[in-house]
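Below is one structure; the comments refer to it alone.
The values are calculated or read from the model by the stated rules, or taken from the named source; none is laboratory data. Just so we're clear, the structure is a prediction, and the values are computed from it rather than from any experiment. Neighbour counts run over all protein chains shown; Cβ positions are idealised from the backbone, glycine included. Ligands, DNA and RNA are excluded from the accessible area calculation, which covers all protein heavy atoms including side chains. Shrake-Rupley method; radii C 1.70, N 1.55, O 1.52, S 1.80 Å.
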Amino acid sequence: GGDPRLALEAVSRMAEAFEVDAVALRADALAACVTRTTDASQELVNLSIETLDEIIHDDRYDLAPPLLQKAKTTVATLKDDALKAAIQEREKNIAVFSREFQSISAYVETIRKQPADTVASYHVGRFHCAVKEDWDRGLPMVARGSNAAWKSLAGKELARPDKPAIRLDLCQGWLQLA
């Protein structure tokens with residue numbers, strides 16, 4: 001239909017009652033939406049951006065292509081440069097993150113099977129910190145990782161030091177590591 005919000009509401013209700021892959025269903029529902037009005041098109045693009053952000057956060061890049069294509073096609077009919085730029089940014093991020101994620105996919109699988117694996121923790125944590133800039137998610141992994149320099153800095157960072165001298169040392173350590 002032409003109501004993307006109603007489609008997502010249906011997915012949410014389904015997820016309340018059944019064990020389903022809600023992110024995949026939301027992406028599929030939005031990709032299948034037909035819009036007939038400018039308001040519905042704008043809402044579809046906005047909801048697509050939210051869902052693409054969730055796909056990026058969850059590292060589910062395989063779900064992105066149909067939704068991204070739908071969003072690009074829909075936003076092309078709108079006179080909203082900000083939405084067009086937002087879709088372009090998501091497309092660029094998905095391309096970069098997906099490529100980098102594939103290079104660490106073996107480590108991701110290792111973490112699923114053995115969460116305490118230090119080598120895998122380092123590589124996956126570094127991906128989240130350095131590539132996705134998601135330090136809240138990556139630092140704990142790096143702190144239990146195998147790389148001594150990253151592990152030391154991450155441990156100090158997670159301690160949330162408030163003394164200026166310690167923070168300066170931390171800053172210099174990250175700069176030296178970079």
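Some notes on this structure:
- Entries of Lys132/Lys156; Lys113/Lys151; Lys70/Lys92; Lys84/Lys132; Lys92/Lys151; Lys70/Lys113 with Cα pairs more than 27 Å apart: Lys92/Lys151; Lys70/Lys113
- Net charge, Leu68 excluded, C-beta distance under 10 Å - Lys, Arg +1, Asp, Glu -1: +2
- With K and R counted +1 and D and E -1, the other residues having a Cβ less than 14 Å from that of Ile111 yield a net charge of +2.
- Label-point separation, Ala159 to Asp62 (7 Å along Cα→Cβ), nm: 4.2 nm
- The three principal axes of the Cα atoms in region 92-178 give end-to-end lengths of 39, 32, 19 Å, sorted in falling order.
- Degrees, to the nearest 10: 4-17 long Cα axis against longest axis of the chain: 60 degrees
- For the chain, the longest principal axis of the alpha carbon atoms and the long axis of helix 81-103 meet at an angle near 50°.
- For region 161-174, 3J(HN,Hα) per residue [Karplus equation, 6.51 cos²θ - 1.76 cosθ + 1.60, θ = phi - 60°, Hz, x = Gly/Pro]: x, 10, 7, x, 5, 5, 5, 5, 4, 4, 4, 5, x, 5
- In the chain, the calculated helix contribution to ellipticity at 222 nm averages -23500 deg cm²/dmol per residue, counting -39,500 (n - 2.57) for every DSSP H run with n ≥ 4.
- Multiplying the residue separation of Ala17 and Ser103 by 0.36 nm and removing their Cα-Cα distance gives an extension gain of 27.3 nm.
- Carbon-plus-sulfur accessible fraction, the chain (probe radius 1.4 Å, protein heavy atoms only): 52%.
- Extension gain, Val96 to Ala32: 0.36 nm times the residue separation minus the Cα-Cα distance gives 20.5 nm.
- Per residue, the convex hull volume that the Cα atoms of the chain enclose (Å³): 150 Å³
- The phi-based Karplus calculation (6.51 cos²θ - 1.76 cosθ + 1.60; θ = phi - 60°) puts the 3J(HN,Hα) values of region 133-150 at 6, 9, 5, 4, 7, x, 4, x, 5, 5, 5, 9, x, 8, 7, 4, 5, 5 Hz, whole numbers, x for Gly and Pro.
- Magnitude of the charge dipole, the chain, Cβ model with Lys/Arg +1 and Asp/Glu -1, debye to 20: 560 debye
- When each of the peptides 161-167, 66-72 is scored by how many other beta carbons lie within 10 Å of its residues on average, the order from highest to lowest is 66-72, 161-167.
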